[in-house]
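Below: one structure, written as structure tokens.
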Amino acid sequence: MKIETVTGAALLPHVPALARLRAAVFAEWPYLYQAPEGEEARYLRHYAEDQGAAVILAFDGTDIVGAATCQPMAATHGPVRACFEAAGRNPLEYAYFGESVLLQPYRGQGLGVAFFAAREAHARSLGLPWATFCAVVRNMNDPRRPASYTPLDGFWRKRGYTHHPELSCIFDWTEIGDERPSPHSLSFWVKSLT
């Protein structure tokens, strides 16, 4: 296994594999995301164009089996920035970790820890004093929830993140089996990097 931090145009050759990876992992619970044709590649190219962004890649040989993103919050999605601004927090002080995706056979082997360490190192290199990410809010009694599903709250707390349910935003996406997008609430976890 190898972990590599990629920035700028160096990300572009990896976009097709990353698009497939994101679509596969986010199709699982709790996101149940149905990726629109071509949308994943367009989304990922945004990271290649953002000078402050980094994507951490996990390789098994030459195959990408996981990835995690990091960028200054000032450059990310409008709903994320608006949520922090509404709460009186300055988006210019935050690194936003957009996603962390890892194929099932590679989970529980320390790659998630490595993803957080690499993203936090990148955020510190940009002089950002805070890191944050959001997670979808789901009803734990939802019948679609797999019996084997374990929430990641404990893992995130061990990394030093604190849940801030008062910080939340809405993103629309189409769930597997649906025909049109629906709103989904996401709440934030925050950590001081200083």
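Observations, loosely collected:
- With contacts taken as Cα pairs under 8 Å at a separation of at least 6 residues, the chain carries a relative contact order of 21 percent.
- Legend: Rg and Dmax of the chain, from Cα coordinates, 16.0, 45 Å.
- Of the residues LEU152, LEU111, the one with the largest accessible area comes first in the ranking LEU152, LEU111, computed with a 1.4 Å probe on protein heavy atoms.
- When the charge dipole of the chain is built from unit charges on Cβ atoms (+1 for Lys and Arg, -1 for Asp and Glu) and taken about the Cα centre, the candidate among LEU128, ALA86, PRO30 whose Cα reaches farthest toward its positive end is LEU128.
- Given +1 at the Cβ of Lys and Arg, -1 at the Cβ of Asp and Glu and no other charges, the dipole of the chain around its Cα centre is 560 debye to the nearest 20.
- Per-residue accessible area (protein heavy atoms, 1.4 Å probe) orders MET1, MET73, MET140 as MET1, MET140, MET73, starting from the largest.
- Span-like helix ranges in the chain, DSSP H, alpha carbon extent 15 angstrom or more, Kyte mean at least 1.0: 15-26
- log₁₀ of I(q)/I(0) at q = 0.10 Å⁻¹ - the range 1-115, Debye sum with one point per alpha carbon: -0.30
- When the surface is traced with a 1.4 Å probe over the full set of protein chains, LYS191 keeps roughly 40 Å² accessible.
- The phi-based Karplus calculation (6.51 cos²θ - 1.76 cosθ + 1.60; θ = phi - 60°) puts the 3J(HN,Hα) values of the range 150-164 at 10, x, 8, 3, x, 4, 5, 4, 5, 7, x, 8, 10, 6, 10 Hz, whole numbers, x for Gly and Pro.
- The convex hull around the C-alpha trace of the range 120-175, projected and averaged over every direction, spans 5.8 square nanometres.
- Note, ³J(HN,Hα) from phi for the range 57-74, Karplus 6.51, -1.76, 1.60, rounded to Hz, x at Gly and Pro: 10, 10, 10, 10, x, 9, 8, 7, 10, x, 7, 9, 10, 8, 7, x, 4, 4
- Amide H within-cut-off set for ALA95, under 5 Å, with H built and near neighbours excluded: MET73, TRP130, ALA131, THR132
- The chain - mean residue ellipticity at 222 nm from DSSP helices (-39,500 (n - 2.57) per run, n ≥ 4, rounded to 500): -8000 deg cm²/dmol
- Exposed loop positions in the chain were taken to be GluC sites (Glu not before Pro) whose DSSP state is not H, G, I, E or B and which have at most 13 other beta-carbon atoms within 10 angstrom. Between these positions, the longest stretch is 38-178.
- Over the range 1-51, volume per residue of the alpha carbon convex hull, in Å³: 96 Å³
The values are calculated or read from the model by the stated rules, or taken from the named source; none is laboratory data. All of these numbers come straight from a predicted model, not from anything done at the bench. With ideal geometry, Cβ positions are generated from the backbone for all residues, glycine too; neighbour counts draw on all protein chains shown. Remember, those area values only see protein heavy atoms, side chains included, never the ligands or the DNA or RNA. Shrake-Rupley method; radii C 1.70, N 1.55, O 1.52, S 1.80 Å.
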